[in-house]
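For reference, the structure discussed in these notes is given below.
Please treat every number below as a calculation from the coordinates, not as lab data. Worth saying up front: this structure is predicted, and the values here are computed from it rather than measured. Glycine gets a Cβ as well: all are built from the backbone with ideal geometry, and neighbour counts include every protein chain shown.
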Amino acid sequence: MDLSARCRAAVAVVSALSAVALAACVPGPGAVRGGQGAAGLRDPLFPKLGNGGYDVQHYGLDLDYDPASGHLAGTAEITARATQDLSAFHLDFRGLTVADVTVDGRPASANRAGGELTVRPRRDIREGDRFRTVVRYSGVPETVTDADGSREGWLRSDGAALAVGEPAGSASWFPGNHHPSDKATYAVTVSVPRGLRAVAGGEPRAPRTEGRRTVQSWRSTEPMAGHLAVLAIGELRVETVHTPSGLPVVTAVSPEAEERAEPLLRRIPELLAWCEERFGPYPFSSAGAIVVPSGDLEYALETQSRPVFPLDRFDEPTLLHELAHQWFGNSVSPARWSDIWLNEGFATYAEWLWQADAGGPSVADRFVEAYGDDGNWAFPPAEPPGPAELFAPPVYGRGAMVLHRLRAVLGDEEFFALLRGWAAEHRHGTASTADFTAYAERRSGRELSQVWDAWLFGRGRPPLTD
Ligand code: TRP
Ligand code: ZN
């Protein structure tokens with residue numbers, strides 16, 4: 001029997017009227033009850049993102065969207081395991097109105113403050129227990145403007161909607177533990193008016209018609225960080241082809257973008273094959289892409305198994321970049337947001353490699369070009385100073401330079417084995433910069449602090465001889 005159960009038993013035995021016994025059960029320091037899970041995971045760049053005290057295993061999202069009003073109604077079923085005794089816990093959730101919350105089928109109290117939804121279940125949850133939280137909600141989801149001015153969350157444009165969440169926008173459309181370190185599987189079911197399609201990541205179930213609506217489910221059976229969830233709703237043309245090895249490639253494109261996007265969409269299997277040769281087996285059960293009209297989104301994003309592109313960013317290097325993220329950034333995702341160079345530096349280096357293979361400038365030339373670009377020297381790639389610099393040039397260009405320097409020290413064979421090994425070692429997991437430097441040293445049997453000090457952590461531009 002744990003202390004909290006013993007306490008409840010004492011109350012029952014002594015007498016419900018005994019004020020003394022009740023007072024003894026008020027939680028205090030060294031509390032006899034489960035505590036409240038932390039409101040954030042203290043990420044150095046986003047301290048309130050994510051929540052402590054539990055680990056999500058699965059999200060079941062059931063959504064109903066009305067494009068005319070922009071109204072979304074949702075039920076989120078969140079299956080999690082408690083990592084401590086819990087009397088209350090937080091979910092990241094923004095904007096939408098909560099109708100009710102249950103935990104393991106019993107009504108729970110819910111409080112909102114900023115981007116946090118605090119859930120207090122009727123009974124404490126014991127460490128190690130699995131519990132199921134159901135949140136019913138509705139409203140017009142918010143668009144989030146990030147510190148760098150870019151828009152994410154829920155993006156609406158005539159008759160269509162697009163949900164993306166890097167780094168923090170997923171809380172606009174479903175409650176969850178929205179830090180990349182807590183990955184889970186997903187089942188997303190969406191009801192939209194007939195004639196429209198709803199496309200998410202993962203594998204589709206055949207759409208079904210219910211009266212004047214179309215309902216379709218998507219399953220992501222490999223773990224996914226919340227910021228990599230995507231949902232596109234609109235008059236999308238959806239198509240599935242298979243790679244020679246049988247991997248489904250699901251593409252969705254809005255009619256305005258179709259004609260121009262089609263030739264490159266057809267090349268996804270070829271680009272994937274190139275990535276597999278360099279980085280190892282593709283990490284998910286399906287692949288694909290979503291292309292929306294220019295202006296609906298300002299950047300391309302590597303959403304899991306189904307990256308999303310505005311038409312004006314749908315070009316070969318960007319497609320390769322987002323496909324490379326499926327290995328570096330998605331399957332291996334960052335432990336903290338400040339480890340973002342593990343995503344962007346790697347995906348940028350993949351672009352350099354691809355373009356060199358395709359007859360473009362050599363990787364050495366790209367390195368020299370990046371080295372000469374003052375924008376790449378604003379800060380060390382492993383230490384973005386704040387949320388506004390998460391996607392700044394040093395994370396991309398100088399991040400890629402780190403890898404090129406590493407390659408110079410290790411030689412091609414060892415370097416490419418390291419890239420594959422890194423993707424394999426942390427497949428479907430999370431990893432930090434320290435994990436990477438330790439892995440590179442362990443695997444190569446070399447002391448590499450010169451590379452790290454000068455290129456990864458150093459403040460200034462190191463001489464080219466370092
Ligand atoms: N991670 C995206 C990429 O593939 C870029 C990205 C996400 C981004 N959010 C952004 C870029 C905001 C600029 C601004 O590179
Ligand atoms: Zn990227």
Check: In degrees from 0 to 90, rounded to the nearest 10, what is the angle of the helix 341-357 Cα long axis to the longest principal axis of the chain?
Finding: 30 degrees
Next item on the list: Give the angle, between 0 and 90 degrees and rounded to the nearest 10, that separates the Cα long axis of helix 268-279 from the longest principal axis of the Cα atoms of the chain.
Entry: 90 degrees
Note to self: With an 8 Å Cα cut-off and a minimum separation of 6 or more residues, compute the relative contact order for the chain in percent.
What the structure shows: 11 percent
Next item on the list: Kindly give the semi-axes, whole Å and largest first, of the ellipsoid equivalent to the chain, taking each as the square root of 5 times a Cα gyration tensor eigenvalue.
Entry: 40, 30, 18
Notebook entry, point to check: Among rounded, prolate and oblate, which fits the range 340-466 when a ≥ b ≥ c are the square roots of the eigenvalues of its C-alpha gyration tensor, a/c under 1.5 means rounded, and a/b larger than b/c means prolate?
Noted result: rounded
Margin query: Viscosity 1.567 mPa s, temperature 4 °C: what is the translational diffusion coefficient of the range 76-140 from Stokes-Einstein with a Kirkwood Rh over Cα pairs, rounded to a whole number of µm²/s?
Written below: 109 µm²/s
Notebook entry, point to check: So what is the orientation-averaged projected area of the range 203-293, using the convex hull of its C-alpha atoms, in nm²?
Noted result: 7.1 nm²
Notebook entry, point to check: Which percent of Cα-Cα pairs in the range 265-353 sits in each 10 Å bin, short to long?
Noted result: 18, 53, 27, 2
Item checked: Value of Rg/Rh across the range 329-410 [Cα atoms, Kirkwood radius] -> 0.97
Notebook entry, point to check: Does the range 131-276 come out rounded, prolate or oblate, given a ≥ b ≥ c as the square roots of the eigenvalues of its C-alpha gyration tensor, rounded meaning a/c under 1.5 and, failing that, prolate meaning a/b above b/c?
Noted result: rounded
Item checked: Summed residue charge, Cβ within 15 Å of residue 44's Cβ, Lys/Arg positive, Asp/Glu negative -> -1
Notebook entry, point to check: Between the DSSP loop rule and a limit of at most 10 other Cβ atoms within 10 Å, which trypsin sites (Lys or Arg not before Pro) in the range 367-466 are left?
Noted result: 459
Next item on the list: Specify whether the C-alpha gyration tensor of the range 32-160 places it in the rounded, prolate or oblate class, a ≥ b ≥ c being the square roots of the eigenvalues: rounded for a/c under 1.5, otherwise prolate if a/b is larger than b/c and oblate if not.
Entry: oblate
Next item on the list: For every other residue with a beta carbon closer than 11 angstrom to the beta carbon of residue 207, add +1 if it is Lys or Arg and -1 if Asp or Glu, then tell me the sum.
Entry: +4
Notebook entry, point to check: Between the helical axis of 3-14 and the dominant principal axis of the chain, each derived from Cα atoms, what acute angle in degrees is found, rounded to the nearest 10?
Noted result: 10 degrees
